[in-house]
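The values are calculated or read from the model by the stated rules, or taken from the named source; none is laboratory data. All values reported here derive from a predicted model rather than from experimental measurement. Glycine also receives a Cβ, built like all others from the backbone with ideal geometry; neighbour counts cover every protein chain displayed. Only protein heavy atoms, including side chains, enter the accessible area calculation; ligands, DNA and RNA are left aside. Shrake-Rupley method; radii C 1.70, N 1.55, O 1.52, S 1.80 Å.
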There are 2 protein chains.
Amino acid sequence: MELRGEILIGLRGERGPEAALQGVDPIGGGVLLPVYGGASRAQLDRACELAWDAWAVWRARGGAAHAALLEAIAEEIEVLGDALLERAGLETALDETRLRGERARTTAQLRLFAQLVREGRHLEHRYDAALPQRTPLPRPELRMGQVGVGPVAVFGASNFPLAFSVAGGDTAAALAAGCPVVVKAHNAHPGTSELVGRAVQAAVRSCGAPEGMFSLLYGADERIGAWLVEHPRIQAVGFTGSRAGGDALARIAAARSRPIPVFAEMSSVNPVFVFPHALRNRSDAIAAGFAQSMTQGSGQFCTKPGLLFLLGDAGADTFVDALQTQIRERATAPLLSARIAERFRAAAAAAAARSSTRHIVGQAAGDGSAPQVFVLDAREFAADPLWHDEMFGPGAVVVRAGNPDAVQPLLEALAGQLTASVFVEPEDYAAAAPLVRQLETMAGRLLMNGWPTGVEVCDSMVHGGPYPATSDARFSSVGTLAIRRFVRPVCYQNMAGELLPDWLREAGTA
Amino acid sequence: MELRGEILIGLRGERGPEAALQGVDPIGGGVLLPVYGGASRAQLDRACELAWDAWAVWRARGGAAHAALLEAIAEEIEVLGDALLERAGLETALDETRLRGERARTTAQLRLFAQLVREGRHLEHRYDAALPQRTPLPRPELRMGQVGVGPVAVFGASNFPLAFSVAGGDTAAALAAGCPVVVKAHNAHPGTSELVGRAVQAAVRSCGAPEGMFSLLYGADERIGAWLVEHPRIQAVGFTGSRAGGDALARIAAARSRPIPVFAEMSSVNPVFVFPHALRNRSDAIAAGFAQSMTQGSGQFCTKPGLLFLLGDAGADTFVDALQTQIRERATAPLLSARIAERFRAAAAAAAARSSTRHIVGQAAGDGSAPQVFVLDAREFAADPLWHDEMFGPGAVVVRAGNPDAVQPLLEALAGQLTASVFVEPEDYAAAAPLVRQLETMAGRLLMNGWPTGVEVCDSMVHGGPYPATSDARFSSVGTLAIRRFVRPVCYQNMAGELLPDWLREAGTA
C-alpha cells in the first residue's frame, strides 16, 4: 500500500492544511516520506460529526455487527503483511521480533473483544421482576444493560505503534462498545498509523458500517488534541502517554460545558520487592531477570520495573555485582524518538549527579542512550523525590533497604502504580503478606516471582492503578475489562418488549 | 437521645470551634437547638487520618464483617425510633409518612448492601488459568477481584435527610466496599445528622470496627467541603446536590496533586414524552399522575418530572385543562429551606415573566411557594434556555409539540438526564421506538407509562446519567451497582495462596 500522507475522514483521505510532520528514523535521524499535513479545525469537526452520525446507526446494530467489524480490522491488518512491520521498524527502531509479537497481540485483542461482544458478556444484563403485590408500593419490572457512551477520542502512544495506537486496545474497546473512534495519530509513527488507519477504513467499508465509525487525524502541535477533547460530539477519551499529556487532556475534558471522562494511562515506576530468602537463594537469577525486563524494548514499556528494593543483606552484594555484569554488557536499541532519548539522557545525568552509592552504565545505543542503574540506600531514596518518579527509558533504581520492615516508611513516597512485584521463597510469605496487602491499595496488578513487562490480554488482566498510573483506578486499559471505560448502564422500567433494545429483549427475564 | 451539637470524630464527640450553624424550621422559620460549631481544619485532619488507619485494618476483614457493620447501622437507626422522624420533620417540613418511607428505604438499602457483600457478588472474581505450554510465551495464572478505593468523603443532600445523607446510599455503598467514610453533614438538617451519626458510631463500637470507619463533620461555610476533597487521605467523593456544588467539588478533586474520582449526582429535568394515542385515550389520568409526581415531596426529588412534551393535538387541550384543575387545587409543604424556597420563587417569577402560552399556579405553601406549571409551544421552548434546566421545587414545563417528529429538534437542547419517560399505547410503539433509542443515550433510566419519582433500590436500578445528571454516567448512585463507584479492580499474577486476600483464595479457580 502506498502511503499518501493523508488524513482519513470516514472513507476519504485528504491533505491536512496545518503544520506538517514527518516520521523520523530514530537510528539515523533521517526524515521519512511522506509529509503529513496537520488536520484543520474544519476537518476535525467533520470527523466528529461523521462519528456522531455513525453512532446513531451503528450502536443499534448490536454485538454481532460490532464483532464482525473488529474481526475485519484484524484481517485487514494481517493483509498489510511485512510492509507494516517494515514501516513500523523504520519509524520506531523496534526490532522485527518485537513488532511481530505486537502485531499478533493487536489482532488477538481485536478478536478477543469480538468474542466478548458476540457473547454479550459486556452487557451485564440484570433483571428484577415486578412485584405487583408488594406493600406499601408495588415494584415495577426493571432491566439493566450497558450501552456505549458515544464517539471516543483515542490518542495513540509512541511506545506501542500497533497495540496502543490506531487500532490498539483503546480503539478495539471503543468499537466493541459500538462507539465510533476518532484517533489522533502519534507524531512518532505517522506512516504506521496511516497503514493501520487504511486497514480500518477497508474493514469499515467491507462491513457496511457507517463511514464515521473511524477517522484518523494528524497534527504537529498540541492544539489538535485540545480541539478533539473539547469537541461536543466526543463523549470519552482514551490516552496512553506521559503524565503531562494525560493531565492536560483531563483538564480540558473537565473544563467542557459538559465534562466527559478521560481514561489516561500515564506513569508508573512498577516497584519490585526482593524478600530475604529469595535474595539469598536467587540473587543472580533475579538480577538477570531484572536487567532483561528493565532494558526490554529499550525500557520503554509502561510496565518497566524502574525501582527494586533489596529487603535483605545476604545476597545484596552478589545481586548488585551480578546486575552490574548484566547491565554493562547490555546494549539497547535507540529510543523511540530524539525527544525521548534527550529526556532520558537528561534524567540519567541528573540522577548521576546525585550522590548515589553506585552507578552502573551499559552500552550506548546509536542515539547515545545507555542503560543506567542507580544503587542507593534507603535514606538516600527517601530524601530525594528524584528517585520516586518514572524515568522513561532503560533506567532503574535499586534501593538497599536491608530488611522487609525498612521498606514500610519508603512506601509513602510512591504514588499509584500499574504493577508491583514481590520475589519470595515460601519462607518469605509471612513477611511478604502484609506488604502485598498494602501494595493492593497502590497498584492495579501484583506479581509474584515474575516481571511486570508483558501484559496478558485476558479477562482477569488489570492494566490500571491509582494516579498517576492512570487518571481513574476503577478501570483497566487492557483485557476485556477495558470495555467498561466506554459503556454506561441504562435501566428500563416497565418497558414493553417492542421498545427494548433487541439484545435486552432477547436476554429475557433470566 | 439528647442532641449535643457535636462533631463526631471516630468514637468521640467534640465541639467545633469554627462558625456555627443551627437547624431551621422551614415552616415557622425559627432556629432549632442545639448550636453546631463548624469543624476546624485540625479536626478534619484527625477524622481523615483516623479513616486512613481504619482502612488498613478494616478492608482486610472481608465481606462478613463489612455486612455486619451495615446491618448494625440499620438496627441502630431503628433504635432511634420516632425521635429521628420528629427531628427530621422539624428540620425539613417533610411529612411523617414520607419520612417513615425514607427511613425504611435507608435501612433496606443498608441491608441490601450487606447481602451483596456477604455473597461477594461485588468482588467480580475472574480467573484465567496458567497455560505453561503456550507458545511463543506461556500464560501466567491470573486472578482478578475488586478492592475498596480507600476513605470516601460523603456530602449529605438536603432533599433526602435519611436516604441520601449521613447513612444514606453513598455511605452504605462505601462501607460495603470496606471504605471508611467521612461525612460532611448538610447544613439543613444538623440534628437529624447527629442522631444518625451517633447511630453509626454505636454500630462501629458494637461491631468492634476501627473507630475511624466513620466521622461526621459540620461546617457553616464551604471551606470544609474543599478541605475534605483536598485531603490526601480521601480517595473518592460521593455527592448529591446542586450542579454548582458538584462542579466545584469535581474541580477541587481534579486539581489535587493526586486527583481522585468524584461521583456527583446533580441536576435533571427528567423529560416525559406523551405519544398521540396515549394522549388521546388517557389525558386526564396522565395529567393527574404528572401533577402528583411533580409536586410530590414539594417537587424536591432529583427525579421530579420537570418537563413534559405533548406529542399530539387530540387530547392536548383536555390534558392542559385537567392539569390546571389538578395544580390549582394542590398545595405542597413548605420547601426544605428558606434558600431553596427563595430560589424557586425567583426561578418561577423569571419564567412567568417570559411570554408563556399559559401559566398555572397552585396553592401557596406556608413559605409562599406554590406549584407552577408553564405551558409553551415548541418554538418558545427551543428559543429560550430558561426552559431547559432544572427548576428545583414544584415547578414544571409542558411543551405542546403537536406530533412525535416535532420533538426531534428539541432534544438537542436537553442535557444528560437521570430519567426519561414515555407514555404510550401499543399503537404508539412504532413512533416511540426511535425516540427511546435516542433517549438511551441521554438518560440513565427509561420508563414506560410510569413516573420517575420513586427510585427502586435493587440490582437493576441505575440512578445516574450523562452530565449534568451526574459527573460520570458510567456509575449509579442507587442500587447494588452503586458500589462500583468505590471499588477498583486488582489483578494477581502467579500469586501463592498465602499471599492472596482471603476471599480470593477461597474463590478458587472457578
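Of all residues being assigned to a helix (DSSP H, G or I) and charged (D, E, K, R) in the range B:482-499, which is nearest to the other protein chains (Cβ to nearest Cβ)? Just the residue, please. Break it down into steps so the answer makes sense when it comes.
Going residue by residue through the range B:482-499, those that are assigned to a helix (DSSP H, G or I) are B:482-486, B:497-499.
Those still in the list that are charged (D, E, K, R) too: B:484-485, B:498.
Values: B:Arg484: 7, B:Arg485: 8, B:Glu498: 4 Å.
The extreme case among them is B:Glu498.
Only one residue in B:Ser193, B:Ser158, B:Ser206 is open to solvent by 10 Å² or more (accessible area, probe 1.4 Å) and at pLDDT 95 or above. Which one?
One residue alone meets the criteria, B:Ser206.
Applying the selection to the range A:395-417, what residues are of a type in the set (A, V, I, L, M, F, W, C) and either assigned to a helix (DSSP H, G or I) or facing chain B (nearest Cβ under 10 Å) (or both)?
A:Ala406, A:Val407, A:Leu410, A:Leu411, A:Ala415, listed by residue number.
Condition first: among the basic types (Lys, Arg) and modelled with pLDDT of 95 or more. Can you find one or more residues in the range B:210-231 that meet it?
No - not one qualifying residue is present in the range B:210-231.
Within the range A:303-334, how many residues are at pLDDT below 95 and out of contact with any Asp or Glu (no Cβ under 6 Å at 6 or more places or on another chain)?
Filtering the range A:303-334 down to residues at pLDDT below 95 leaves A:328-334.
Now drop any that are not out of contact with any Asp or Glu (no Cβ under 6 Å at 6 or more places or on another chain), which leaves A:328-333.
Adding up the residues that qualify gives 6.
Based on what the data block shows, is B:Gly450 within 8 Å of chain A (Cβ to nearest Cβ) and not charged (D, E, K, R)?
Yes.
Given (1) assigned to a helix (DSSP H, G or I); (2) open to solvent by 10 Å² or more (accessible area, probe 1.4 Å); (3) at the interface with chain B (Cβ under 7 Å from one of its Cβ atoms), where does A:Val436 come up short, assuming only one miss?
(2)
Starting from the range B:26-54, take each residue that is within 20 Å of B:Val154 (Cβ to Cβ) and list its partners that are open to solvent by less than 20 Å² (accessible area, probe 1.4 Å) and aromatic (Phe, Trp, Tyr), counting only C-beta distances under 7 angstrom and pairs at least six apart or across chains.
Qualifying pairs under 7 Å: B:Tyr36/B:Tyr218; B:Gly38/B:Tyr218; B:Ala39/B:Tyr218.
Can we say B:Val200 is outside any helix (DSSP H, G or I), buried (at least 22 other Cβ atoms within 10 Å of the Cβ) and touching a strand residue (DSSP E or B) at 6+ places or on another chain (Cβ under 8 Å)?
It is false that B:Val200 is outside any helix (DSSP H, G or I), buried (at least 22 other Cβ atoms within 10 Å of the Cβ) and touching a strand residue (DSSP E or B) at 6+ places or on another chain (Cβ under 8 Å).
Quick one: B:Met461 ticks every box in (1) touching a residue at least 60 places away in the same chain (Cβ under 8 Å); (2) surrounded by 24 or more Cβ atoms within 10 Å (Cβ to Cβ) except a single one, so which number is it?
(1)
Please determine whether any residue of the range B:324-341 is touching a helix residue (DSSP H, G or I) at 6+ places or on another chain (Cβ under 6 Å), more than 18 Å from B:Glu390 (Cα to Cα) and assigned to a helix (DSSP H, G or I).
Yes, the range B:324-341 contains at least one residue that is touching a helix residue (DSSP H, G or I) at 6+ places or on another chain (Cβ under 6 Å), more than 18 Å from B:Glu390 (Cα to Cα) and assigned to a helix (DSSP H, G or I).
Filtering the range A:126-137 down to residues that are more than 9 Å from every other protein chain (Cβ to nearest Cβ) and either touching a strand residue (DSSP E or B) at 6+ places or on another chain (Cβ under 7 Å) or touching a residue at least 24 places away in the same chain (Cβ under 8 Å) (or both), which residue is farthest from A:Arg488 (Cα to Cα)?
Ranking the candidates gives A:Leu131 first.
For A:Glu427, all conditions in the list (1) under 24 Å from A:Met266 (Cβ atoms); (2) outside any strand (DSSP E or B) hold save one; what is the number of the exception?
With (1) under 24 Å from A:Met266 (Cβ atoms); (2) outside any strand (DSSP E or B) applied to A:Glu427, the lone miss is (1).
Which ones in the range B:231-248 are open to solvent by less than 50 Å² (accessible area, probe 1.4 Å) and among the hydrophobic types (A, V, I, L, M, F, W, C)?
Result: B:Ile234, B:Ala236, B:Val237, B:Phe239, B:Ala248.
Can you tell me how many residues within the range B:262-293 are in a strand (DSSP E or B) and more than 15 Å from B:Leu323 (Cα to Cα)? Break it down into steps so the answer makes sense when it comes.
Step one: filter the range B:262-293 for residues in a strand (DSSP E or B), giving B:262-265, B:271-274.
Still in the list and also more than 15 Å from B:Leu323 (Cα to Cα): B:262-265, B:271, B:273.
Qualifying residue count for the region: 6.
Looking at A:Ala420, A:Ala507, which one is among the hydrophobic types (A, V, I, L, M, F, W, C), more than 9 Å from every other protein chain (Cβ to nearest Cβ) and open to solvent by less than 10 Å² (accessible area, probe 1.4 Å)? If you could, list the steps in order and put the result at the bottom.
Values: A:Ala507 fails: open to solvent by less than 10 Å² (accessible area, probe 1.4 Å).
Result: A:Ala420 is the single residue among A:Ala420, A:Ala507 that is among the hydrophobic types (A, V, I, L, M, F, W, C), more than 9 Å from every other protein chain (Cβ to nearest Cβ) and open to solvent by less than 10 Å² (accessible area, probe 1.4 Å).
Go through (1) hydroxyl-bearing (Ser, Thr, Tyr); (2) in contact with a Phe, Trp or Tyr (Cβ under 6 Å, 6 or more places away or on another chain); (3) in contact (Cβ under 8 Å) with a residue 60 or more places away in the chain one by one and return the number of the condition A:Ser283 breaks.
For A:Ser283, the failing item is (3).
Quick check: is even one residue across the range B:431-444 among the polar types (S, T, N, Q), closer than 20 Å to A:Asn494 by Cβ and in contact with a Leu (Cβ under 9 Å, 6 or more places away or on another chain)?
Yes, because at least one residue in the range B:431-444 is among the polar types (S, T, N, Q), closer than 20 Å to A:Asn494 by Cβ and in contact with a Leu (Cβ under 9 Å, 6 or more places away or on another chain).
Give the residue that is farthest from the chain's Cα centre (by Cα), with candidates limited to residues of the range A:70-113 that are among the hydrophobic types (A, V, I, L, M, F, W, C) and modelled with pLDDT under 95.
Residues of the range A:70-113 among the hydrophobic types (A, V, I, L, M, F, W, C): A:70, A:72-74, A:77, A:79-80, A:83-85, A:88, A:90, A:93-94, A:99, A:104, A:108, A:110, A:112-113.
From the residues that got through so far, the ones that are modelled with pLDDT under 95 too are A:93-94.
Working: A:Ala93: 19, A:Leu94: 17 Å.
Only one residue fits best here, namely A:Ala93.
Mind listing just one residue for me: the one in the range A:458-473 that is closer than 26 Å to A:Arg111 by Cβ and of a type outside the set (Asp, Glu) and, of those, farthest from the other protein chains (Cβ to nearest Cβ)?
Of all residues in the range A:458-473, those closer than 26 Å to A:Arg111 by Cβ come to A:458-464, A:470.
Restricting the remaining residues to those that are of a type outside the set (Asp, Glu) gives A:458, A:460-464, A:470.
Numbers: A:Cys458: 5, A:Ser460: 4, A:Met461: 6, A:Val462: 4, A:His463: 8, A:Gly464: 7, A:Thr470: 10 Å.
Going through the qualifying residues, I end up with A:Thr470.
State all residues of the range A:1-10 that are at pLDDT 95 or above and open to solvent by 60 Å² or more (accessible area, probe 1.4 Å); if no residue qualifies, say none.
A:Arg4, the sole residue that qualifies.
Restricting to the range A:363-391, name every residue that is under 27 Å from A:Phe160 (Cβ atoms) and either open to solvent by less than 30 Å² (accessible area, probe 1.4 Å) or in contact with a helix residue (DSSP H, G or I) (Cβ under 6 Å, 6 or more places away or on another chain) (or both).
A:Ala365, A:Asp367, A:Ser369, A:Ala370, A:Pro371, A:Gln372, A:Val373, A:Phe374, A:Trp387, A:His388, A:Met391
Is it the case that B:Ala167 is more than 16 Å from the chain's Cα centre (by Cα) and away from chain A (no Cβ under 14 Å)?
Numbers: more than 16 Å from the chain's Cα centre (by Cα): no; away from chain A (no Cβ under 14 Å): yes.
No, not satisfied.
Pairs, please: C-beta under 7 Å, at least 6 apart or cross-chain, first residue farther than 30 Å from A:Gly416 by Cβ and in the range A:301-324, second of a type in the set (A, V, I, L, M, F, W, C) and open to solvent by 10 Å² or more (accessible area, probe 1.4 Å)?
Matching pairs, first to second residue: A:Ala322/A:Ala288.
Scan the range B:294-319 for residues that are surrounded by 20 or more Cβ atoms within 10 Å (Cβ to Cβ) and either of a type in the set (A, V, I, L, M) or farther than 14 Å from B:Thr453 by Cα (or both) and report the count.
Of the residues in the range B:294-319, the ones surrounded by 20 or more Cβ atoms within 10 Å (Cβ to Cβ) are B:294-295, B:297-312, B:315-316, B:319.
Still in the list and also either of a type in the set (A, V, I, L, M) or farther than 14 Å from B:Thr453 by Cα (or both): B:294, B:307-312, B:315-316, B:319.
Number of matching residues: 10.
Can A:Thr171 be described as among the hydroxyl-bearing types (Ser, Thr, Tyr) and open to solvent by 10 Å² or more (accessible area, probe 1.4 Å)? Break it down stepwise before answering.
Details: among the hydroxyl-bearing types (Ser, Thr, Tyr): yes; open to solvent by 10 Å² or more (accessible area, probe 1.4 Å): no.
No, not satisfied.
Just for the range B:392-407: of the residues that are open to solvent by 30 Å² or more (accessible area, probe 1.4 Å) and in contact (Cβ under 8 Å) with a residue 24 or more places away in the chain, which one is farthest from the chain's Cα centre (by Cα)?
B:Asn403
May I ask you to verify whether B:Asp128 is out of contact with any helix residue (DSSP H, G or I) (no Cβ under 8 Å at 6 or more places or on another chain), among the charged types (D, E, K, R), surrounded by fewer than 21 Cβ atoms within 10 Å (Cβ to Cβ) and within 28 Å of B:Met213 (Cα to Cα)?
On the way: out of contact with any helix residue (DSSP H, G or I) (no Cβ under 8 Å at 6 or more places or on another chain): yes; among the charged types (D, E, K, R): yes; surrounded by fewer than 21 Cβ atoms within 10 Å (Cβ to Cβ): yes; within 28 Å of B:Met213 (Cα to Cα): no.
For B:Asp128, the condition - out of contact with any helix residue (DSSP H, G or I) (no Cβ under 8 Å at 6 or more places or on another chain), among the charged types (D, E, K, R), surrounded by fewer than 21 Cβ atoms within 10 Å (Cβ to Cβ) and within 28 Å of B:Met213 (Cα to Cα) - is not met.
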